[in-house]
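Step one of this worksheet: look at the structure below.
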Amino acid sequence: MRISARADYAVRAVLELAVRQGGGPVKTPVKAETIALAQDIPHKFLEGILGDLRRGGVVDSRRGGNGGYTLARDAAEITVADVIRAVDGPIVSVRGERPTGLAYTGSAQPLLPLWIALRANVRRILEGVSIADIAADALPTPVQQLAAEPAAWENP
């Protein structure tokens, strides 16, 4: 599986907003330039990503001198999967198609349940981690356990 630069930058940008906004009721907009500098993301690339996140209902934007971006909802309600879907579309695809839209014949038939299982596991992780979890450095226990396995850090 591959995480695109867009998805990585999007998660980092949303995380930066969450940390800067804190948990208070007043959301102070954060300028794209501030996010770009803090996360070392190319500014023009980030602008496009923030537009996708706005259209995806993850962030809100406000124009003007005091404008910028805020989270559209509480960080605890935004999952990593929400962010990735907003900028990249479906979490797992095969040749650009969702696994449920595929059909295989002959000896390749067992591939479909494999791709469906892969998608289910990836979704379980990404839908189970909120931006608030990451901001608090409190990943869910199952994620911590997977990351603690030595083999998880090895490149085969």
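Only the coordinates and a few stated rules stand behind these numbers; no lab work does. Everything numeric in this text was worked out from a predicted model, so none of it was measured. Ideal geometry is used to build each Cβ from the backbone, glycine not excepted, and the neighbour counts take in all protein chains shown.
Extents of region 1-70, largest first, come to 38, 24, 23 Å (Cα atoms, principal axes, whole angstrom). On the beta carbon distance between ASN155 and LEU112, with R0 = 25 Å, the FRET formula returns roughly 0.35. Helix 5-21 and the longest principal axis of the C-alpha atoms of the chain enclose an angle of approximately 40°.
Ranked highest first by average number of other Cβ atoms within 10 Å, how do 79-91, 43-55, 97-109 line up?
79-91, 43-55, 97-109
For region 1-69 and region 127-156, write down the distance between their C-alpha centroids in whole Å. The two parts, judged by their Cα centres, are 22 Å apart.
Tell me, in nm to one decimal, what length is gained between SER61 and ALA147 on full extension, where the rule is 0.36 nm per residue of separation less the Cα-Cα distance?
On the way: separation 86, 0.36 × 86 = 30.96 nm, distance 3.46 nm.
That pair, SER61 and ALA147, stretches by 27.5 nm at full extension.
P(r) tail for region 5-152: Cα pairs beyond 18 Å make up 62% of the total.
Rounded to the nearest 20 debye, what is the charge dipole size of region 40-97 about its Cα centre when +1 sits on each Lys and Arg Cβ and -1 on each Asp and Glu Cβ?
Details: 8 positive and 9 negative charges, 48 e Å.
Approximately 240 debye in magnitude.
Treat every Asp and Glu Cβ in region 20-156 as -1 and every Lys and Arg Cβ as +1, leave all other atoms uncharged, and give the resulting dipole magnitude about the Cα centre to the nearest 20 debye.
Working: 15 positive and 15 negative charges, 106 e Å.
Using only the charged Cβ atoms, the result is roughly 520 debye.
Label zone of GLU127 (point 7 Å out along Cα→Cβ, amide N under 15 Å): in region 83-103 this covers 83-86, 90-93, 99-100.
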